[in-house]
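J.: The structure under discussion is supplied below as structure tokens; questions concerning it will follow.
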Amino acid sequence: MSSAAQPYPTASDGDEVEDVKDRLRSAIRTARSARSQRLRDEAAERLADVVSAIPEVASASCVSVYASRPSEPGTSPLLERLAARGVRVLLPVLGSGLQRDWAEYDGPDDLRERAPGRPPEPGGPTLGAAAIAEADAIVAPALAVDTAGARLGQGGGWYDRALEHARPDALVVALVFPEELYDATSRPLPRERHDRTVGAVATPEGWRPVG
């Protein structure tokens, strides 16, 4: 955790928590957009090594992952590694509004950006919102995570609602870049009552339990 590289907006009187979150999201997205493609590719390969070594992922027969967008910590190498091991991989499918659904990963050629701004999605049959309960481990996107398990998402609440269907024993691992892991003692992330925490965080440098 490097506080020097971390944006951390100060809340003013009258600020709503969501306003503080939005300022932090904007700063992190700006920093992510400045990362070169070479650095993103290298980080994705290292993340695949790190996440594959997490015991709950290494022993899983079904894992929920996400197909990353260009600026996010890359998941393509992880998806390929899990599929090569014979793991059943579930990917999010975004319906209208905040509708939640899942479909099985069937290789990179099956992934399509179904609508502008949406992450790539598989083209196979959808399985329903409760399908995530079949996952032994869940790899979730995040803009930042703190050491208490607070996760800053994109702002739509999709994963907070999706995780309501997860099994209590399924480890939820958030993926971030190293500078996006915050010390909850000195720089706790803004959090609301409905925000779901995660059980672990992985960066290209390693992973750790949080919470």
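J.: Would the range 90-99 turn up any residue that is more than 23 Å from Ala133 (Cβ to Cβ) and exposed (fewer than 12 other Cβ atoms within 10 Å of the Cβ)?
T.: Scanning the range 90-99, I find no residue that is more than 23 Å from Ala133 (Cβ to Cβ) and exposed (fewer than 12 other Cβ atoms within 10 Å of the Cβ), so the answer is no.
J.: Given Ala44, Ala48, Ala34, which one is out of contact with any Cys (no Cβ under 6 Å at 6 or more places or on another chain), modelled with pLDDT of 95 or more and closer than 16 Å to Glu180 by Cβ?
T.: Ala44
J.: Filter the range 52-93 for residues that are touching a strand residue (DSSP E or B) at 6+ places or on another chain (Cβ under 8 Å), of a type outside the set (A, V, I, L, M, F, W, C) and over 17 Å from Ala174 (Cβ atoms) and give the result.
T.: Within the range 52-93, Ser61, Arg88 qualify.
J.: Pick from the range 192-205 the residues that are surrounded by 18 or more Cβ atoms within 10 Å (Cβ to Cβ) and modelled with pLDDT under 95: which of them is nearest to Leu171 (Cα to Cα)?
T.: Across the range 192-205, the extreme among qualifying residues is Arg196.
J.: Something else now. Mind counting the residues in the range 178-211 that are of a type outside the set (Gly, Ala, Ser), touching a strand residue (DSSP E or B) at 6+ places or on another chain (Cβ under 6 Å) and assigned to a loop (DSSP other than H, G, I, E, B)?
T.: The qualifying residues number 4.
J.: Those residues that are in contact (Cβ under 8 Å) with a residue 60 or more places away in the chain and among the aliphatic types (A, V, I, L, M), I need them from the range 15-36; list them, please.
T.: Answer for the range 15-36, where residues must be in contact (Cβ under 8 Å) with a residue 60 or more places away in the chain and among the aliphatic types (A, V, I, L, M): Val17, Val20, Leu24, Ile28, Ala31.
J.: Moving on. Considering every residue within the range 74-83, establish whether at least one is hydroxyl-bearing (Ser, Thr, Tyr), modelled with pLDDT of 95 or more and within 25 Å of His165 (Cβ to Cβ).
T.: yes
J.: Let me ask something additional. Here is a list of conditions, (1) touching a Pro at 6+ places or on another chain (Cβ under 8 Å); (2) modelled with pLDDT of 95 or more; (3) farther than 30 Å from Arg167 by Cα, and Ser2 meets all of them except one; can you say which number that is?
T.: Against the list (1) touching a Pro at 6+ places or on another chain (Cβ under 8 Å); (2) modelled with pLDDT of 95 or more; (3) farther than 30 Å from Arg167 by Cα, Ser2 comes up short only on (2).
J.: Still on this model: Limited to the range 115-160, what total is found for residues that are among the basic types (Lys, Arg) and either buried (at least 22 other Cβ atoms within 10 Å of the Cβ) or under 12 Å from the mean Cα position of the chain (by Cα) (or both)?
T.: Residues flagged as among the basic types (Lys, Arg) and either buried (at least 22 other Cβ atoms within 10 Å of the Cβ) or under 12 Å from the mean Cα position of the chain (by Cα) (or both) within the range 115-160 amount to 1.
J.: Now a separate question. Please determine, by comparing only the residues of the range 69-86 that are among the hydrophobic types (A, V, I, L, M, F, W, C) and surrounded by fewer than 23 Cβ atoms within 10 Å (Cβ to Cβ), which one is farthest from Glu113 (Cα to Cα).
T.: By that ranking, first place goes to Ala84.
J.: Of the residues Leu111, Leu90, Leu79, Leu94, which is aliphatic (A, V, I, L, M) and in contact with a Lys or Arg (Cβ under 7 Å, 6 or more places away or on another chain)?
T.: Exactly one residue qualifies, and that residue is Leu94.
The values are calculated or read from the model by the stated rules, or taken from the named source; none is laboratory data. Please read all numbers here as calculations on a predicted model, not as lab measurements. Glycine also receives a Cβ, built like all others from the backbone with ideal geometry; neighbour counts cover every protein chain displayed.
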